[in-house]
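Please treat every number below as a calculation from the coordinates, not as lab data. Just so you know, these numbers come straight off a predicted model, no measurement behind them. Because the Cβ atoms are built from the backbone with ideal geometry, glycine has one as well, and the counts that use them run over all protein chains shown.
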Amino acid sequence: MKRRQFITLLGGVAAAWPLAARAQQPAMPVVGYLTNGAGLNANNVKAFRKGLNEMGFVEGRRNVAFDTQATDQYGQFPALALELADRKVAAIFAFSLTAAAAAKAATATIPIVFSGAGDPVRVGLVASLNRPGGNVTGVTNLGVELGPKRLELMRELMPQAAVIGVVTNPTGITSLGNMTDLQAAARSVGQEIIVLNARTVDEIDATFAVAAERRFSELLIDVSGFFIGRRDQIVALAARYAIPATYSTRDFVEAGGLMSYGHDISESNRQAGVYIGRILKGEKPADLPVLQPTKFEFVINLKTRSLRPSRTM
């Protein structure tokens, strides 16, 4: 072998070494973040990342990246979920059971972790809370099941209320079950409720106008990430028409609303982040039981109405 040829060959091998070494390094995992507007709330994002950080995954260390797909139009979730599946993300975080259902329909192999209100067994996301099975698990804040409790609190506030309006987003996967539970609870105490649907910003405006025209005594705002994302609009309308309203999360009260009963969504997101981290380390969703809250908050805005102070239950 001539000397020039040997040097060329050696140089080629040396140049290939770093490429080979890089090829052997595991690819940085990308987590899909499928959400409505509420999931983009700074506190919710911070809490989710905190959970991931607790498991050692920090975006600044270049050991995790995010692919965020967000929409307030629930009908767009299937297409966004398919995009994440086609990109073969390492895992998907779904903010709401509706987003989780879209993700589950898009992939049977990519792990999915949800944070949302409602019964994931009832809507077919998991086989059971203790043994989810399949590729889906997460954290449920029982927001839908707390609807009857919110109705009870409203009746304590205004026991003579003739008609209570319930505002729901019918495109949400849990809406039908929620309305069924609320209607059953209302019948059991002889309370009349009327369901009003709001799928868009304009329909939210129209809903409050109808409630004012029909002189509803109170409004109960159903659990919906879309509503949380539009909380400023909803609270302003309640004040404009002077209609007492009860909400699912303290986000509304902090925006000036009257009262809420629910649990800390940020904590659910933190727990979901921990689950994503555990999955990135090799655990399977089927082996991670669906988590449930143990503490609930009843929050009253004293600046809105002279009532008892907020308390934790």
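Structure summary
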item	result
Normalised contact order of region 35-138, rounded percent, pairs of Cα under 8 Å and 6 or more residues apart	21
Modelled label reach - ARG214, point 7 Å along Cα→Cβ, region 180-201 residues with backbone N closer than 13 Å	192-198
The chain - mean residue ellipticity at 222 nm from DSSP helices (-39,500 (n - 2.57) per run, n ≥ 4, rounded to 500)	-12500 deg cm²/dmol
Cα-centre dipole for the chain with unit charges at Cβ (Lys and Arg positive, Asp and Glu negative), debye to 20	1380
Whole-number percent relative contact order across the chain, with pairs defined as alpha carbons under 8 Å at least 6 apart	20
Anisotropy class of region 112-167 from Cα gyration tensor, a/c 1.5 cut	prolate
More than 25 angstrom apart: percent of Cα pairs within region 128-278	29
Global form of the chain, assessed from the alpha-carbon gyration tensor, a/c cut-off 1.5	prolate
Sites GLU54 and ALA286, calculated FRET efficiency, Cβ-Cβ separation with R0 30 Å, nearest 0.05	0.85
Fully extended contour minus Cα-Cα distance, from ASN63 to GLN76, at 0.36 nm per residue	1.7 nm
Span-like helix ranges in the chain, DSSP H, alpha carbon extent 24 angstrom or more, Kyte mean at least -1.0	3-24
Overall form of region 182-267 per C-alpha gyration tensor (a/c, 1.5; a/b vs b/c)	oblate
Region 156-236, relative contact order in percent, only Cα pairs under 8 angstrom and at least six apart counted	44
Coil-residue trypsin sites (Lys or Arg not before Pro) of region 201-308, DSSP, other Cβ within 10 Å capped at 15	ARG214, ARG215, LYS281, LYS295, LYS303, ARG305
Proximal lysines to LYS104, defined as alpha-carbon separation beneath 22 angstrom and excluding residues fewer than eight positions away on the same chain	LYS88, LYS281, LYS284
